[in-house]
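Just so it is clear, none of the values below were taken in a lab; they were calculated from the coordinates. Small disclaimer: the values here were computed from a predicted structure and weren't measured. Cβ atoms come from the backbone with ideal geometry, glycine included; neighbour counts cover every protein chain shown.
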Amino acid sequence: MATFLYRIGRWSFRRRRLVLRVWLGALLLAIAGAAVAPAGEEEDLSMPGTESQQAFDLLDERFPDGNSQGAEARLVFQAPDGQRVTAAEHRAAVEDTLGSLAAGDQVESATDPYETGAVSKDGTIAYSTVTYSVGAVDLTGETKSALEDAADQAGDAGLTVEIGGSALDAEEEPGGTTEIVGVAVAALVLVLALGSLVAAGLSLLTAVVGVAIAFGLVSALAVPLGLTSTVAILALMLGLAVGIDYALFITSRFRDELARVGDPEEAAGRAVGTAGSAVVFAGATVFIALVGLGVVGIPELTRMGMGGAGAVALAVLVALTLVPALFGYFGRRVLSRRVRKALRRGGERPHALPAAAGRPGLGDRWARFVLRRPVAVLLTAGLGLGAVAVPALSLELGLPGDESKSVETTQRRAYDLLSEGFGPGFNGPLTVVVDNAEAADAEAATDRVVETVRGVDGVASVGDPQFDEAGDTAVLTAVPETAPNSAETKDLVHEIRDAGAGVEAGTGADVLVTGTTAMNIDISEAMADALLPYLTVVIGLAVLLLLVVFRSVLVPLKAALGFLLSVGAAFGVLVAVFQWGWAADLLGIEQTGPVMSLMPILIIGIVFGLAMDYEVFLLTRMREAYVHGASPGEAIAGGFRHSGRVVAAAAIIMISVFAGFVGMNSPTIQTMGVGLAAAVAFDAFVVRMAIVPAVLALLGHRAWWLPRILNRVLPNVDIEGEALSRRVPPPAAGPDAAVQRLPVGRQ
């Protein structure tokens, strides 16, 4: 692999104009495709095979005119203090408002709360359900404005009016202030780490090109592939983070090689052949883990995994081709000004250059500190991560609704008003579907189901059943006494299903419980059940890949245990912030509750690949030094000397990018940002930079032990570029020979 990538690096350097044109063309095509493509539609989560999904499919079949995909709005009216919405003047204002709204082109119906009984017992709150003929994405601006104007009209009459439902839902758009701050921090870190504006700008530029192409492709394919805004934001988040890091790794190695061999083209080839091999491996692990999310069986999670995997694949391709092509344009300007001055002085006085070689850097000093106190470092880091992970034992999974939105939004205020007027369970009604195709008496079977559901503890009310045209299927609504995301509601769904099973045995009818609340419960339980198997697969994959790469038994096991610690600590942070509310105000999180059910598996998949990034870039230099005769301690120090600062910079960049998305209003994106930022911080700075060197120091030579039988069976993946040093001769001495005297890793 190293030799093949070496050729790619040199070819990209020589053919830099062609490479640049190809990537610019791809960028323009992606932007044009995104500009002309229609906007994708936000879809509700679904999970084939669950009872709730089977019931939804049955409803679509038996009630084809139900328009389940149409947008819906709830106008919630509240009378002033001491008054009732049933008063004549308020009733007239409500009816006038609904009358003006019903005339809209896309409006199918607007219910009258006084006719449907949608008035609270104390008469202070009423609501109207407005249904539309199209989905929320297809609602025109005029239709949305008419809805808001109708609310203002009733407000002018003295009523408090809030709007719930999906009609005003908008796709989350990237590009807010916090994301810009995250990118700005990444740029600052690049400048400090590389000491060159050119090198920092090169890494940022190539990352932006890759992520722009990925974002454009996701936007262009949104409709045919059913991609949502969350998929696009995940692609943006991952593409930007790994794109900057991969470019940084190759740029840093290019600077090392330029100092060693002098020829920029040769240095570009060697940088891609060595650091590029690690980039390919790291990118492949992220890609595999994200694609593997498809085995869970949730279409939205599958699309998120595929979108993120595509962004990572583009980042790898950009790093292997566009980055060395830009080396051809900038050459030695990627070196810091200090090094370029030393280079010029070295050309005249070569003996002056090695003077700075003996000064140890921060990475070298930290490595030697760990080598002196490995037990203390290991216990401190391990126990610290274990303590942070303790809250993960209380992890509860759920899906956010209007209750998780900011209190500044009208949807959240509508949710609160409905809870106040009709009870906390009103916002999460359960739909009970009775399929009487096999029942002897459809009406009698349905009546028995209604009676049974009403008798279940925790059910506040049960509506009258509605039959399809054939009379084979009935639908009824059961309102829980508790909130949609509560544990009591979860138990209630199972109790209704258990009670329905008894009815099925006696009547022959099939009883299914569905609705948004039941679907969310089914998905959360399925995600919890899939968490351990997926984690096992990921850990097994990590051990296998690292076994092949480092040809060691203990190094992969140590890496897997460290990965478990960092993921557990990240889950602990999610529980503390999103369930318990710790630092929630500081992060702008206004509502606590269960952790987004998709997040644990998604974070495992992403962090697995990112953890392998740091493992590979640190340990390749250590193993390279060890196989060339260095002692275990010297190999550890050498790895930190060459890669410690780069890995630290890469981790800070990733943390900054992920944390930049915490400021978005979407609970899904907020959870993802906090979880990924915490996981990267723990994995990079605690696991890879403290636990890993401490364990290696304690193991000594045993860390690199491999049984003879495995040594013969395992393929030789040359990720350190040993074959490259044997097959590719060093450049002949020439005018640039003085560059070789620069201390490696000190540019």
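Quick look at the values:
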| read-out | value |
| --- | --- |
| Rotationally averaged projected area of segment 402-465 (alpha carbon convex hull; nm²) | 5.6 nm² |
| In order through segment 689-700: 3J(HN,Hα) via Karplus (6.51 cos²θ - 1.76 cosθ + 1.60), integer Hz, x for Gly, Pro | 9, 10, 5, 4, x, 5, 5, 4, 5, 6, 6, x |
| Bins of 5 Å, starting at 0 and running to the largest distance - Cα pair percent for segment 430-514 | 3, 17, 29, 24, 15, 8, 3, 0 |
| Phi-based couplings in Hz for segment 642-657 (Karplus 6.51, -1.76, 1.60; Gly and Pro marked x) | 8, 10, x, 5, 5, 5, 4, 5, 4, 5, 4, 4, 4, 4, 5, 5 |
| Which of ASP491, ASP81, ASP245 has the fewest Cβ neighbours within 10 Å, and the rest in rising order | ASP81, ASP491, ASP245 |
| Amide H contacts under 5 Å for THR482, placed H, 5+ residues apart | GLY425 |
| Computed helical MRE - 222 nm, the chain, DSSP H runs ≥ 4 contributing -39500 (n - 2.57), nearest 500 | -20000 deg cm²/dmol |
| Farthest positive-ward along segment 599-716 dipole, Cα basis, beta-carbon charges - from ALA694, VAL607, ALA659 | ALA694 |
| Options ALA509, VAL475, LEU492, ranked by Cα towards positive dipole end of segment 430-514, top entry (Cβ charges) | LEU492 |
| Crossing angle, helix 374-389 versus the chain [Cα axis fit, 0-90 degrees, rounded to tens] | 10 degrees |
| Exposure proxy order (Cβ contacts within 10 Å, fewest to most) of LEU371, LEU492, LEU258 | LEU371, LEU492, LEU258 |
| Helix 299-317 axis, angle to the chain major axis (alpha carbon atoms, nearest 10°) | 20 degrees |
| Translational D in µm²/s for the chain (Stokes-Einstein at 20 °C, 1.002 mPa s, Kirkwood Rh from C-alpha pairs) | 75 µm²/s |
| Helix 264-291 vs. the chain, principal-axis angle (Cα, 0 to 90°, nearest 10) | 30 degrees |
| Rg followed by Dmax, in Å, when segment 67-165 is reduced to its Cα trace | 13.1, 40 |
| Estimated FRET transfer efficiency when R0 is 56 angstrom, pair LEU379-GLU142 (beta carbons, to 0.05) | 0.30 |
| Lysine pair count for the chain [Cα-Cα under 29 Å; pairs on different chains or 8 or more apart] | 4 |
| Residues whose placed amide H lies under 5 Å from that of GLY165, excluding near-sequence neighbours | ARG74 |
| GLU420-ASP585 FRET efficiency (beta carbon distance; Förster radius 22 Å; 0.05 resolution) | 0.40 |
| Pairwise FRET efficiency - MET1 versus GLU495, Cβ, R0 = 60 Å, nearest 0.05 | 0.55 |
